[in-house]
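Data block below; observations after.
What follows is calculated from the coordinates using simple rules that are stated; it is not laboratory data. Treat the numbers as computed from the prediction; the structure is a model and nothing was measured. All Cβ positions, even for glycine, are placed from backbone atoms using ideal geometry, and neighbour counts span all protein chains on display.
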Amino acid sequence: MRDVSTILPRTLALLEQGRHSILHPGAQLYVSLRGEVIADVALGEARPGVAMRPETLTLWLSAGKPVTAVAIARLVERGRLSFDDSVAKHLPEFAQGGKETVTLRHLLTHTAGFRDADKLAENLPWDEMIARICATPLASDWFPGAKAGYQIMSSWFILGELIRRVDGREPGRYVREEIFEPLGMRDSWMGVPADRIAAYGERMAMMYYSGRTEFRVHPFWNGAEDFAACRPGSGVRGPIRELGRFYEALLNVLLERRSPNRREGDPTSTGERAESEFGAPVGVISTAMLRELTRRHREGLFDHTFQHTLDIGLGFIVNSNRYGAETVPYGYGRHASEETFGHSGSQSSCAFADPEQELVVAWHCNGQPGEPRHQKRAREINSAIYEELGLV
């Protein structure tokens, strides 16, 4: 790997400046271009007195949602689910409050319309969480599929429960065995086992609220119970380099190639090759299925959560700069190609693949500074990467 400080000096300076501007105590950055790793670095602190390192486990928040989407897609490929199945077909108690017509496609495109369930506390026991989400009614002015409103966590708990009902494994175990292990993501977890929490020790990064003058430890995401919790829409943890490798594997699938960085004994770009109605399989998901996940299923709809128009695939946010590159929330910078797909985490992280440029970017900042400051931070980081790599 070449010296990142000579290739991405402005990007690194932005991350360093963010530390001094009380945006984040520490950060991780992973970038690869046409199969070559350009950056795999960390700076600042993961927790008081402990340096952030590339191998530190960070909280991806909603940047982990595509993992759950790929998990669901594997069950679709196996004929266990269909995107147009009603949720109630597999989870009968979900058909309360007018939700009987809500489908998996509605969940994955954030057009389902039971956003009141996002007001539930995320630390409820799993079974209670599912029961209370199922009891939440559809919004009175909502027709599923016709109106858009990003759901932070509730619909993703339901997707996790569908994995559990259909496959039999807990969702955290399912994604570990079906996605993380085949892709060599050895330190990535949807709920870190207690024995591994103890073994990782100070490798577990903390999350902070970023004020104007100081950092405050986030009251919810930093305890052993939180590290261990299975939250399919917001709780995946791992080194950000492994989220980058997830997107590298997807990009290799999309381009129908094997990873040039694959080492002997490292299954990073392989995995199970089950036959699929969607075509010849490559990696943990077939090429045709990945194209299905990352095309624009929801196009031109105003999102009533983000208060902005966004285009969404099935669990992935597709580049929406066409609606305002300087205003679109959680975008991929000013220069991302139209077919760029990925997802970001609340005020903290971003990961995406740009097929046209064969670019993968993943980064995490462990400080949440509020939406305006974060959106500016994200836009500048992502734009600087393209500019410094000569991809404008």
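Estimated from the Cβ-Cβ distance and a Förster radius of 56 angstrom, the FRET efficiency linking F143 and A51 is about 0.65. Positive-end ranking of S82, P171, P125 along the dipole of the stretch 68-172, with charges on Cβ about the Cα centre, is headed by S82.
Ordering H304, H110, H364 by the number of other Cβ atoms within 10 Å of each residue's own Cβ, fewest first, gives H304, H110, H364.
Could you list T103, T6, T327, T111 so that the one with the fewest beta carbons within 10 Å of its beta carbon is first and the one with the most is last?
By the 10 Å Cβ count, ascending: T6, T327, T103, T111.
Kindly provide log₁₀ I(q)/I(0) values, in the same order as q = 0.10, 0.12 Å⁻¹, from the Debye equation applied to equal alpha-carbon scatterers of the stretch 68-172. Rounded to two decimals, the profile gives -0.23, -0.34.
As a rough footprinting exposure proxy, the listed residues Y30, Y150, Y332 were ranked by other beta carbons within 10 Å of their own, and the order from fewest upward is Y150, Y30, Y332. Extension gain for A288 to E214 (0.36 nm times residue separation, less C-alpha to C-alpha distance): 21.9 nm.
Projected over every direction and averaged, the convex hull enclosing the alpha-carbon atoms of the chain yields 17.5 nm². Annotation: Cα Rg of the stretch 51-103 relative to the compact-globule expectation 2.2 N^0.38 Å equals 1.66. Pairs of Cα atoms nearer than 8 Å and 6+ residues apart set the relative contact order; for the stretch 104-196 it is 28 percent. Which of rounded, prolate or oblate describes the stretch 287-392 when judged by the alpha-carbon gyration tensor and an a/c cut-off of 1.5? The shape class here is oblate. Between A199 and N123, the modelled labels are 2.6 nm apart [label points 7 Å from Cα along Cα→Cβ].
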